[in-house]
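A short worksheet on the structure shown next.
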Amino acid sequence: MVRYLAAVVLVFACMGSAQAQVTLRETVTYYKVDALTLPELRKQMGERGPRGYWGYARWNVSSTAECEVTVRVSYTLPKHENLSGLSPTDRAKWEAMIEALEMHERNHGTHGVNAATEIKAAGCSGGWRIIRKWAKQDRVYDRQTQHGRTEGVVLD
């Protein structure tokens with residue numbers, strides 16, 4: 001199931017006295033989990049999640065010859081199909097983890113928006129260098145947060 005969060009959103013960033021505008025297109029895709037214990041949930045997310053991760057954000061920046069810049073961000077997250085079957089304690093842990101996971105993945109998406117905004121502000125010059133810079137920041141962010149663990153992306 002894919003849910004479109006924002007078909008088109010304008011993102012503004014002040015660069016000197018000019019404003020850079022980029023188009024943002026976001027999608028969220030959910031994969032299903034239904035386990036009723038935390039160990040089984042961890043296992044299901046490891047098996048069913050994108051690339052073995054519990055959640056994933058992927059961004060792509062493109063531009064036209066006129067320097068119209070678009071960033072597409074796609075998020076993949078778990079969706080529990082039987083929340084009422086979880087114990088109250090485990091449900092609270094699940095909900096806290098999901099909130100932290102969504103925040104963590106959105107921070108990755110922000111790196112894509114930052115790249116697009118920087119490319120637009122540069123008049124579409126140096127795009128690959130800017131993209132590499134922000135892609136590296138994604139890797140640094142995951143190292144710093146242990147892929148979100150230090151931000152609450154845990155199920156213990």
Distant-in-sequence amide H partners of Cys67 (H built 1.01 Å from N, under 5 Å): none
Choice from Ser125, Ser63, Ser84 showing the highest fluctuation, given a GNM over the chain with Cα pairs closer than 10 Å: Ser84
Sites Glu99 and Glu47 - FRET efficiency at Förster radius 35 Å, r taken between beta-carbons, to 0.05: 0.95
Charge dipole magnitude, Cβ of K and R +1, D and E -1 - the chain, Cα centre, debye nearest 20: 460
Selected from Glu118, Glu66, Glu95 as most flexible by GNM, with the chain as the system and alpha-carbon contacts under 10 Å: Glu66
Per-residue ³J(HN,Hα) for the stretch 106-117, Karplus 6.51 cos²θ - 1.76 cosθ + 1.60, θ = phi - 60°, Hz, x for Gly and Pro: 5, 5, 4, x, 4, 4, x, 5, 4, 4, 4, 5
Hull volume in cubic angstrom per residue (convex hull over the Cα atoms of the stretch 2-151): 121
Residues whose placed amide H lies under 5 Å from that of Cys124, excluding near-sequence neighbours: none
3J(HN,Hα) from dihedral phi, the stretch 119-131, Karplus parametrisation 6.51/-1.76/1.60, rounded to Hz, x for glycine, proline: 5, 4, 5, 8, x, 6, 9, x, x, 5, 4, 5, 4
Residue-span extension gain [Ala135 to Thr89] - 0.36 nm each, minus C-alpha spacing: 12.9 nm
Residue-by-residue Karplus 3J(HN,Hα) for the stretch 53-64, coefficients 6.51, -1.76, 1.60, Hz, glycine and proline x: 8, 6, x, 7, 10, 10, 10, 9, 10, 9, 9, 9
Estimated dipole of the stretch 66-138 in Debye, rounded to 20 [Cβ of Lys and Arg +1, of Asp and Glu -1, Cα centre]: 320
Tally of Lys pairs whose C-alpha atoms are under 28 Å apart, taken over the stretch 2-151, 8 or more apart or cross-chain: 8
Fraction of antiparallel bridges per DSSP, the chain only, in percent to nearest 5: 60
Förster-model FRET efficiency, 35 Å R0, Cys124 and Tyr30, C-beta, rounded to 0.05: 0.55
222 nm mean residue ellipticity, helices alone, for the chain (DSSP H n ≥ 4; -39,500 (n - 2.57); rounded to 500): -14500 deg cm²/dmol
Distance (nanometres) between label positions extended 7 Å along Cα→Cβ at Arg106 and Thr145: 1.1
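Bear in mind that the values in this text are calculations on the coordinates, not laboratory data. Owing to the predicted nature of the structure, the values given are computational and were not obtained by experimental measurement. All Cβ positions, even for glycine, are placed from backbone atoms using ideal geometry, and neighbour counts span all protein chains on display.
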